[in-house]
Each structure stands twice: as structure tokens, then as C-alpha cells.
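Colleague: After the C-alpha cells below, expect a handful of questions from me.
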Amino acid sequence: MEEKLKKIQQDYLNRIGSSKTLKDLDEIFIGLFGKNGEVDTLSKQFKDIPKEELKTVGPLFNQIKQKLEKGIRVKREELREEIYQALENETLDTRSGEIKKRTGHIHPVTQFENEIIRLFNKLGFVRADAPQIDTDYNNFEVLNIPENHPARDLQDTLYISGKQQVTNDKLLLRTHTSNSQIRALSQNKPPIRLMNIGRCFRYENVDARHEHTFEQFEIVYVDKRVSMTHLQFLSEYFLKSVFGKDTKARLRPKYYPFVEPGTGVDSLCIFCKGKGCKVCGGIGWLEIGGAGMIHPQVLRNGGIDPDKYSGIAWGFGPERMVMLKYGIKDIRLFNSGDLEFLQKL
Ligand code: FA5
């Protein structure tokens with residue numbers, strides 16, 4: 001193990017030394033310290049090492065971790081310095097008349113969100129946002145997801161230091177816009193038609209479909225005799241407005257602790273119209289979000305009598321829909337600041 005650690009150290013130091021950009025360094029950092037990265041994988045192997053050997057391997061492992069962390073920090077400073085230097089040496093001749101005026105435009109995801117807000121405004125839904133930094137209670141507990149509930153594993157959470165001052169509850173970056181549900185229920189009297197749109201955060205293994213920072217849109221609709229029929233109608237209304245009249249919505253059983261029954265909301269694949277293609281993985285349908293009838297206990301938590309009222313909650317990810325609408329292959333482009341990409345949309 002000792003030899004292995006030393007070799008890993010040398011390999012990474014070489015890679016750090018030959019990095020040319022800050023992005024290279026970010027990739028090395030994630031490969032080392034990210035979820036399922038080198039450090040994670042190595043720590044898992046410690047349980048198989050004999051106790052005696054662990055006495056030397058343990059401290060060596062910590063030393064190497066610190067050394068690599070420092071190596072990345074120092075190299076990052078060096079690269080930054082080079083960038084500043086290059087900027088300082090750059091000159092701009094404002095007399096040449098070659099500076100073109102560039103007109104900006106609203107970010108494509110924001111444009112799409114504005115469209116959604118208009119669509120649901122027409123049905124009488126009013127916007128009521130919830131905070132991005134919230135308590136564990138509002139994000140999980142009140143939604144039937146107590147500590148140690150397996151559903152928490154589906155939403156890897158970024159906790160922040162410090163506690164809520166009054167309740168002393170743990171604080172976190174909300175993992176979904178469903179943190180608006182308890183506010184919608186407890187601060188309003190039925191009939192309730194509210195929508196919430198905004199940023200959510202998860203400690204994700206980032207890839208072409210998963211961002212650590214992404215948007216969600218959610219509606220909460222409570223009244224007498226609200227049923228799954230309303231859910232089907234709203235899903236169809238929404239999908240047809242966005243993707244065109246020949247789209248269909250499908251509700252498929254899916255488990256979320258705060259709704260009963262719970263559903264995944266699928267759209268007929270807009271590329272193959274249900275025949276099955278690469279984008280939908282041959283299924284003919286694409287999942288765009290989750291929804292369901294608000295769980296009686298959640299209604300009760302919000303002070304609403306489930307024997308008198310019923311409600312639906314419905315939430316999905318706008319980025320994934322914009323990706324479908326414009327054929328964008330990688331979700332990371334949205335927050336990349338890449339002007340070439342943004343100007344095309
Ligand atoms: C939820 O977050 C539930 N709160 C949705 C819900 C609301 C269910 C109301 C029932 C009632 P889920 O984790 O499946 O569920 O996420 C919903 C949608 O958010 C996904 O379909 C996807 O479009 C988007 N989403 C989730 N995680 C990411 C991510 N890391 N990057 C981009 N989009 C994401």
C-alpha cells in the first residue's frame with residue numbers, strides 16, 4: 001500500500017505540474033477529492049489493511065493528501081498570475097474603430113422559465129418562491145423524509161455550517177423546490193394555486209445531464225376534489241404548449257415520500273414520437289419531472305384538513321426541457337459562460 005500511495009502521489013504531482021489551465025486543475029481536484037475520486041476509493045480499502053501496517057499507511061495517506069491539495073493550490077495561484085500578467089500586457093486600441101457592438105439577450109433557461117410562468121399565470125397560478133438556503137425540516141422532514149430515510153440518498157445534500165437561529169435546525173442548500181410546499185400550505189387557505197421557480201443544489205457527480213446547481217419549477221394546487229385528472233391535464237397542457245400539439249404526457253408510478261400516489265411525468269419523445277430512438281434509449285418516452293397527490297400527512301403538516309381538501313404537487317427541471325427543445329447535449333453548457341454557445345440560442 002505504501003508503494004502504491006507513493007506512486008499515486010508522484011503521478012498526481014506530475015499531472016499538477018504539467019497543467020496548463022485552471023480547468024485542468026479543477027479536473028484533477030475532482031478526480032482526487034470528488035465523490036468516488038481517488039481519495040474516496042483509497043479510504044475504502046483501509047479496512048482490509050492489517051492494523052500494524054495502518055500505523056504507517058494512515059499518516060502517510062494524510063500527508064500525501066495535504067501535499068497534493070497544497071500542490072493544486074500553489075499551481076492555481078501560478079496559473080492565475082500568468083492570466084493576470086497576460087491581461088496586463090494586452091492593449092486595446094479604441095481608435096481603430098474595430099470594436100463591434102454586441103447586443104446581449106436573456107439566458108435561454110430564463111427565457112424558457114418566463115414562458116412557463118406566463119403559461120401557468122393563465123391558469124391562475126401565482127408565483128411564491130421559497131429560500132435557496134433552508135432548514136433540514138422544510139426541505140426534508142416536513143415532507144415525510146426524516147433523517148436516515150433512504151429517499152435522502154437520492155438527493156445528495158450540501159449542508160452549510162451554522163444553524164437556524166430560532167429553531168436551531170440544520171441549514172442546507174435546498175435540493176428541490178418542494179421546500180415551497182409547506183410554506184404554500186401553511187401560509188394560504190384553499191383554494192391554493194401557487195408556483196415556485198428557482199435554483200436547487202445537489203452534491204452531484206456532474207455529467208451531461210446532472211448539474212450541481214440547476215433550476216426546478218414546481219406547482220402546488222389545493223382545492224376540494226382535486227384529482228389525478230388535474231395532474232394529467234396540467235402535464236398535457238404544459239407539454240403541448242412547449243413541444244407542440246402532437247406531444248403526449250404519461251404519468252408513471254414513481255415513489256416520492258411527500259405524494260401519494262406519486263408519479264414520474266413523461267413526455268412522448270419529441271425526436272421519435274414514441275417509436276424509440278437514441279435520445280429516449282428506445283423507450284419512446286422521456287422523463288421530465290415528478291408529481292403526485294400531496295400526501296395527507298403533508299397537508300396536515302400545513303394545517304389543511306385532508307378529509308376536506310386534496311392537492312397536487314408537480315415539479316420538473318427546466319434545463320432538461322430546454323435541452324430537449326433545442327437539442328443541447330450537455331447541461332453544463334448553460335452555466336459555462338461560453339458566449340459562442342449562448343449566442344446561438
Ligand atoms: C424532485 O426533486 C421532486 N421534488 C419532484 C416532485 C415535486 C415530486 C412535487 C413530487 C411532487 P427529482 O429528484 O426526480 O424529484 O427531480 C425532478 C426533476 O429535476 C428531474 O426530473 C430533473 O428534470 C431535475 N433534476 C434533478 N436533479 C437534477 C440535476 N442534478 N441536474 C439537472 N436537473 C436535475
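The values are calculated or read from the model by the stated rules, or taken from the named source; none is laboratory data. Keep in mind it's a predicted model, so treat the numbers as computed, not measured. Backbone-built Cβ (ideal geometry, glycine too); neighbour counts: all protein chains shown. All accessible areas refer to the heavy atoms of the entire protein, side chains included, with ligands and DNA or RNA removed. Shrake-Rupley method; radii C 1.70, N 1.55, O 1.52, S 1.80 Å.
Colleague: So, in the stretch 280-311, of the ones that are under 22 Å from the mean Cα position of the chain (by Cα) and in contact (Cβ under 8 Å) with a residue 12 or more places away in the chain, which residue ends up farthest from the ligand (Cβ to nearest atom)?
Modeller: Trp285
Colleague: A further question on this structure: Within the stretch 232-286, can you find the residues that are closer than 30 Å to Val142 by Cα, open to solvent by 60 Å² or more (accessible area, probe 1.4 Å) and assigned to a loop (DSSP other than H, G, I, E, B)?
Modeller: Selection gives Lys254, Tyr255.
Colleague: Can Ile133 be described as at pLDDT 90 or above and closer than 14 Å to Glu218 by Cβ?
Modeller: No, not satisfied.
Colleague: Still on this structure: If you scan the stretch 140-169, which residues turn out to be more than 20 Å from Val298 (Cα to Cα) and touching a Phe, Trp or Tyr at 6+ places or on another chain (Cβ under 6 Å)?
Modeller: Asp156, Leu158 - these are the residues of the stretch 140-169 that are more than 20 Å from Val298 (Cα to Cα) and touching a Phe, Trp or Tyr at 6+ places or on another chain (Cβ under 6 Å).
Colleague: With the requirement that a residue be away from the ligand (no atom under 13 Å from the Cβ) and part of a loop (DSSP other than H, G, I, E, B), what does the stretch 312-344 give you?
Modeller: Correct list: Gly327, Lys329, Ser336, Gly337, Asp338.
Per-residue answers, yes or no, for (1) open to solvent by less than 80 Å² (accessible area, probe 1.4 Å); (2) outside the structural domain of Arg202 (by TED's automatic domain parsing); (3) modelled with pLDDT under 90:
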residue: Lys23; (1), (2), (3): no, yes, yes
residue: Phe33; (1), (2), (3): yes, yes, yes
residue: Thr41; (1), (2), (3): yes, yes, yes
residue: Lys51; (1), (2), (3): no, yes, yes
residue: Lys70; (1), (2), (3): no, yes, no
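Colleague: I'm told Tyr137 meets every condition in (1) farther than 26 Å from Val109 by Cα; (2) under 16 Å from the mean Cα position of the chain (by Cα) except one. Can you identify the failing condition by its number?
Modeller: (2)
Colleague: What are the residues in the stretch 181-202 that are within 13 Å of the ligand (Cβ to nearest atom) and surrounded by 15 or more Cβ atoms within 10 Å (Cβ to Cβ), if any?
Modeller: Hits for the stretch 181-202 are Gln181, Ile182, Ala184, Leu185, Leu194, Met195, Asn196, Ile197, Gly198, Cys200, Phe201, Arg202.
Colleague: A further question on this structure: Does Glu215 satisfy the condition of being open to solvent by less than 50 Å² (accessible area, probe 1.4 Å) and more than 12 Å from the ligand (Cβ to nearest atom)?
Modeller: no
Colleague: Which of the residues spanning the stretch 87-116 are more than 20 Å from the chain's Cα centre (by Cα) and closer than 21 Å to Arg193 by Cβ? Working first, answer last.
Modeller: Of all residues in the stretch 87-116, those more than 20 Å from the chain's Cα centre (by Cα) come to 87-106, 115.
Hit for the stretch 87-116 is Glu115, nothing else.
Colleague: Being among the polar types (S, T, N, Q) and either open to solvent by 100 Å² or more (accessible area, probe 1.4 Å) or closer than 21 Å to Asn36 by Cα (or both) is the filter here, so list the residues in the stretch 156-167 that pass it. So that I can check it myself, show each step before the final result.
Modeller: Kept after step one, since they are among the polar types (S, T, N, Q), are these residues of the stretch 156-167: 157, 161, 164-165, 167.
Thr157, Ser161, Gln165, listed by residue number.
Colleague: Okay, moving on. Considering each residue of the stretch 305-333, count those that are open to solvent by less than 10 Å² (accessible area, probe 1.4 Å) and touching a helix residue (DSSP H, G or I) at 6+ places or on another chain (Cβ under 7 Å), and give that number.
Modeller: Number satisfying all stated conditions: 8.
Colleague: Still on this structure: From (1) over 16 Å from Val220 (Cβ atoms); (2) loosely packed, with under 14 Cβ neighbours inside 10 Å; (3) away from the ligand (no atom under 16 Å from the Cβ), pick out the condition that doesn't hold for Asp153.
Modeller: With (1) over 16 Å from Val220 (Cβ atoms); (2) loosely packed, with under 14 Cβ neighbours inside 10 Å; (3) away from the ligand (no atom under 16 Å from the Cβ) applied to Asp153, the lone miss is (3).
Colleague: Let me ask you something else. Would you mind stating whether Val242 is within 24 Å of the chain's Cα centre (by Cα) and more than 10 Å from the ligand (Cβ to nearest atom)?
Modeller: yes
Colleague: Sort through Leu25, Leu13, Leu5, Leu54 and tell me the only one that's within 26 Å of Leu158 (Cβ to Cβ), outside any loop (DSSP other than H, G, I, E, B) and not charged (D, E, K, R).
Modeller: Values: Leu13 fails: within 26 Å of Leu158 (Cβ to Cβ); Leu5 fails: within 26 Å of Leu158 (Cβ to Cβ); Leu54 fails: within 26 Å of Leu158 (Cβ to Cβ).
Of Leu25, Leu13, Leu5, Leu54, the one residue that is within 26 Å of Leu158 (Cβ to Cβ), outside any loop (DSSP other than H, G, I, E, B) and not charged (D, E, K, R) is Leu25.
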